[in-house]
Amino acid sequence: TKWFREARLGMFIHWGLYSVPAGVWQGKDVPGYGEWIMNRGKIPEAEYQPLAKQFNPVKFEADAWAKLAKDAGMKYLVITSKHHDGFCLFDTQTTAYDMVDGTPYGKDVMKELSRACQEQGIKFCFYYSIMDWHHPEQTRNFAVYHDYLKQQVRELLTNYGPIGIM
């Protein structure tokens, strides 16, 4: 982590399914941070999960994001690979509740962003939530969930080139 302390300036991108409702559920503002909308709005999993079919970031440009970070003097970029809602912005073999299998976009944005960061000389980093409101075993049988979590972390650390920090 020495490089992290010395870098001092980086970009944190908080992005996921919660970007679709953007703090509003059924026409009403849900107080608090947008990424907590499922919890704060008491939105049932069965109602929240279909947001994946609406998550289609056709204007996503990994090269532009990495260049913006570089031009602003950033030394690293951290992005949410999975937040508390359990939706994965990376291609995982553990669930279809991910960017590649669960959305109309169907591409691995983490793969694209990793490549773009490498080309710009920006360290690529992940935020990964241990909490997972989507996985049924997280609260019932943590040993089962722990295996799932370990497999996802392994995928993140082995499928996306050099990772600066997680």
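The values are calculated or read from the model by the stated rules, or taken from the named source; none is laboratory data. None of the values given here were measured: they were computed from a predicted structure. Cβ placement follows ideal geometry from the backbone for every residue including glycine, while neighbour counts extend to all protein chains displayed. Remember, those area values only see protein heavy atoms, side chains included, never the ligands or the DNA or RNA. Shrake-Rupley method; radii C 1.70, N 1.55, O 1.52, S 1.80 Å.
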Checklist entry - Considering only segment 98-114, how many residues are closer than 24 Å to residue 138 by Cα and either open to solvent by 10 Å² or more (accessible area, probe 1.4 Å) or small (Gly, Ala, Ser) (or both)? => result 4
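Would a scan of segment 129-145 turn up a residue that is closer than 24 Å to residue 74 by Cβ, open to solvent by less than 50 Å² (accessible area, probe 1.4 Å) and either touching a Cys at 6+ places or on another chain (Cβ under 9 Å) or not in a helix (DSSP H, G or I) (or both)?
yes
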Checklist entry - For segment 1-46, how many residues meet the condition of being closer than 18 Å to residue 84 by Cα, surrounded by 12 or more Cβ atoms within 10 Å (Cβ to Cβ) and aliphatic (A, V, I, L, M)? => result 8
Checklist entry - Residue check: is residue 49 closer than 28 Å to residue 150 by Cβ, part of a helix (DSSP H, G or I), open to solvent by 50 Å² or more (accessible area, probe 1.4 Å) and touching a strand residue (DSSP E or B) at 6+ places or on another chain (Cβ under 8 Å)? => result no
Next on the checklist: What pairs come out if I take residues in segment 58-76 that are β-branched (Val, Ile, Thr) and pair them with residues that are not in a helix (DSSP H, G or I) whose C-beta lies under 9 Å away, six or more apart or interchain?
Outcome noted: 58/104; 58/105
Checklist entry - residue 165 versus (1) free of Cβ contacts under 8 Å to residues at least 24 places away in the same chain; (2) touching a Cys at 6+ places or on another chain (Cβ under 6 Å); (3) more than 20 Å from residue 18 (Cβ to Cβ): which is the lone unmet condition? => result (1)
